[in-house]
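J.: The structure is given below, and queries will be raised subsequently.
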């Protein structure tokens, strides 16, 4: 394929929009060539959406499973997906097309059990390398190590995009307790360290900006980005 062919196909079909393409997205045989040409997405994405309980409309309550987060907000999770764009768009479309189902996004709320404190409302992202992709499963430990170290190095570069901000502020800022619950990580890990986290005996949920997350037996290990306080649509842009 030439560069112009790739550009032409990708104009109508982006890998993260879903797989396979819908009929209206298929322009020519070159679209299929684009899909075949492009490497498979190396990770899955999962999203947390945390907001104030009273803001969540009845339609959303029935459409998605919600629970109270340990830190205070009302939370739902969009399940792991290789191509999360349409799933996230579906959530947003439900809000936009349902009367009374939109609200002003909140990056923090008063903590329900401690009025003097504030609880963060994040759109945290969970990553997990794909074991079903041959070249990744063949280098399983290295894949996790590379994913973690890459996030550790890139998170500081995109911090302004993580901050949602408040209307009373002249510039976007993080909520006041953000770095208490999501400390900046200043270290890379070795393959030997990664092996300790991959061990099934590991359980943890460190309060770090990039965290090795495995809370319970039923859930797999993920790498969580915990500083994201923006709207889920912006979280998605950051993820890709």
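No value in this document is a laboratory result; all are computed from the given coordinates. A quick note: this is a predicted structure, and the numbers were derived from the prediction, not measured. FYI the Cβ positions are ideal-geometry reconstructions off the backbone, even for glycines, and counts take in every protein chain you see.
J.: Taking just the alpha carbons, could you work out the radius of gyration and Dmax for the stretch 43-239, both in angstroms?
T.: Radius of gyration, then largest Cα-Cα span, for the stretch 43-239: 17.1, 53 Å.
J.: Evaluate the distance, in nm, between pseudo-label points positioned 7 Å from the Cα of residue 138 and of residue 188 along their respective Cα→Cβ axes.
T.: Once both label points are built, they end up 2.3 nm from each other.
J.: On full extension of the chain, what length is gained from residue 104 through residue 180, given 0.36 nm per residue of separation minus the C-alpha to C-alpha distance?
T.: Computed gain between residue 104 and residue 180 is 24.9 nm.
J.: Still on this structure: How would 162, 62 line up from fewest to most surrounding beta-carbon atoms within 10 angstrom?
T.: Taking fewest neighbouring Cβ atoms as first place, the list is 62, 162.
J.: If each residue's Cβ is checked for other Cβ atoms within 10 Å, how do 94, 230 rank with the fewest at the top?
T.: 94, 230
J.: What full-extension length gain, to one decimal in nm, is calculated for residue 218 and residue 58 as 0.36 nm per residue of separation minus the Cα-Cα distance? The partial results should precede the final answer.
T.: Values: separation 160, 0.36 × 160 = 57.60 nm, distance 2.84 nm.
Once the chain is fully extended between residue 218 and residue 58, it gains 54.8 nm.
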